[in-house]
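Report on the following structure.
The values are calculated or read from the model by the stated rules, or taken from the named source; none is laboratory data. Bear in mind the structure is a predicted one, so any value in this text is a computation, not a measurement. For neighbour counting, all protein chains shown are included, and Cβ atoms are generated from backbone atoms with ideal geometry for every residue, glycine included. We work out accessible area using only protein heavy atoms, side chains counted, and drop any ligands, DNA or RNA first. Shrake-Rupley method; radii C 1.70, N 1.55, O 1.52, S 1.80 Å.
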Amino acid sequence: MSERNVPIAERRYAAPVPEVPERPLPPTGLIADRRGRRLHDLRISITDRCNFRCTYCMPKSVFGKDYAFLPHASLLSFEEIVRLTRLFVAHGVEKVRLTGGEPLVRRDVERLVGMLAAIRLPDGTPLDLTLTTNGSLLARKARSLRDAGLQRVTVSLDALDDAVFRTMNDVDFPVADVLAGIEAAAAAGLRPVKVNMVVKRGVNDHEIVPMARHFRASGHILRFIEFMDVGASNGWRMDDVVPSAEVAGRIGAVFPIEPLEANYDGEVAERWHYLDGAGEIGLISSVTRPFCGGCTRVRLSTEGRLYTCLFASEGKDLRALLRGGYDDMQIAAAIGAIWAARDDRYSELRSADTAGLRRIEMSYIGG
Ligand code: SF4
């Protein structure tokens, strides 16, 4: 079989099987990494497939029609995802985000949502369960996701201008259908809907103010994301980054805004609100204002590899433990050891020296 047909994950990403401590101790729920950061957020990529080909994430030049995606047998089953999630909750995770690829293309996703929504935190409260989607299937699925127990949703939308949006998603998908998905999500009770816009200079930065104008007073929270050097296939250059300070300046020149307090420590987006009461926006500034100091996130890939940073180049193979007959205590101990050894702060270290590092693809690990 030629290298091209071997799924990129298996071709590119080393993932040794993690060590299992000899005398595994029960999780305490208070585990911290080497920088004192608690484990709080688990992001689970439930598929490496997507129905879009966004140029900054899954360019057609790499993810073409004969691209070999992961075979179904190598994906974690719903039962395996739930088993691992329970172990992460025992270590202190309170928030779970489902991602992809595009999570809504995974068959029967509502069943998985229902299984995860049944998990309780040690204090008996439900998990904070959310999902990031490109919105293409949301109008059809919002109600069933809500009924299954999903609490909130984040929708990626990079432009209002149909031509610009179609260029960026590179599959000719219309804006109107994503906007319909956002309204369907709100109507189903998946509120507040967060809308993520990745801003790339010279591509869609002229859409910053039109997007702000459209979502002002809508109840939805629009967030502007600095274009990041995730993976190795999006041709990232610093020149293409529009710093959040410039985004705030452009919006503030039309609609006066001011900063707000964070909702909680480690919140990714900086919150700003319109002085006229028309709601809030968010700025996600991984490039110009890194937030690694408060990073409480861990990522699980669709075939069970654990990554402690979005810009990691190596993960740990938890699936091998799941399918290797290890018990919950042993797997929980292995997870604990991985987090306790964590020292990641890529965005603080980003420089010419990090440019050549092999990093996992956004489409594989889901942002
Ligand atoms: S670069 Fe890594 S450590 Fe820093 S905020 Fe992002 S995921 Fe966390």
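I need the shape label for the chain. Rule: rounded when a/c is under 1.5, else prolate if a/b > b/c, else oblate, with a, b, c from the alpha carbon gyration tensor. It comes out rounded by the Cα gyration axes. Looking at the range 86-126, the pairs of alpha carbons with a distance over 15 Å make up 47% of the total. Over all distinct Cα-Cα pairs of the range 156-300, the Kirkwood formula returns a hydrodynamic radius of 16.0 Å. Highest-first packing order for the peptide set 301-309, 357-365, 71-79 is 301-309, 357-365, 71-79, based on the mean count of other beta carbon atoms within 10 Å. Of all DSSP bridge pairs formed entirely within the chain, close to 30 percent run antiparallel. For the chain, the dipole from Cβ point charges (+1 on Lys and Arg, -1 on Asp and Glu) about the Cα centre works out to 500 debye, to the nearest 20.
Distant-in-sequence amide contacts of residue 196, defined by a placed amide H-H separation under 5 Å and a gap of 5 or more residues or a different chain, comprise 155, 156, 157, 223. Couplings 3J(HN,Hα) for the range 332-345, derived from phi with the Karplus relation 6.51 cos²θ - 1.76 cosθ + 1.60 (θ = phi - 60°), are 4, 5, 5, 4, x, 5, 5, 5, 4, 8, 5, 9, 4, 6 Hz, where x marks Gly and Pro.
The C-alpha atoms of the chain define a longest principal axis, and helix 175-188 lies at about 70 degrees to it. At q = 0.11, 0.12, 0.19 Å⁻¹, what log₁₀ I(q)/I(0) does a Debye calculation on the Cα points of the range 60-180 give, no solvent, two decimals? Ignoring solvent entirely, the Cα scatterers give -0.46, -0.54, -1.09. When a 1.4 Å probe is rolled over the protein heavy atoms, the share of accessible surface on the range 217-367 that falls to carbon and sulfur comes to 52 percent. Under 5 Å from the amide H of residue 76 lie the amide H atoms of 303, 304, each residue being 5 or more positions distant or on a separate chain, with H modelled from the backbone and absent for Pro and chain starts. On full extension, the segment bounded by residue 255 and residue 330 gains 21.6 nm, given 0.36 nm per residue less the C-alpha separation. 3J(HN,Hα) couplings calculated from phi for the range 138-151 with the Karplus curve 6.51 cos²θ - 1.76 cosθ + 1.60 (θ = phi - 60°) are, in sequence order, 5, 4, 7, 10, 3, 4, 5, 5, 5, 5, 6, x, 5, 9 Hz; Gly and Pro show x. Accessible area per residue for the range 201-332 is 40 Å², calculated with a 1.4 Å probe on protein heavy atoms, without ligands, DNA or RNA. Per the Debye formula on identical point scatterers at the alpha carbon atoms of the range 230-367, with no solvent, log10 I(q)/I(0) at q = 0.13, 0.22 Å⁻¹ is -0.72, -1.35.
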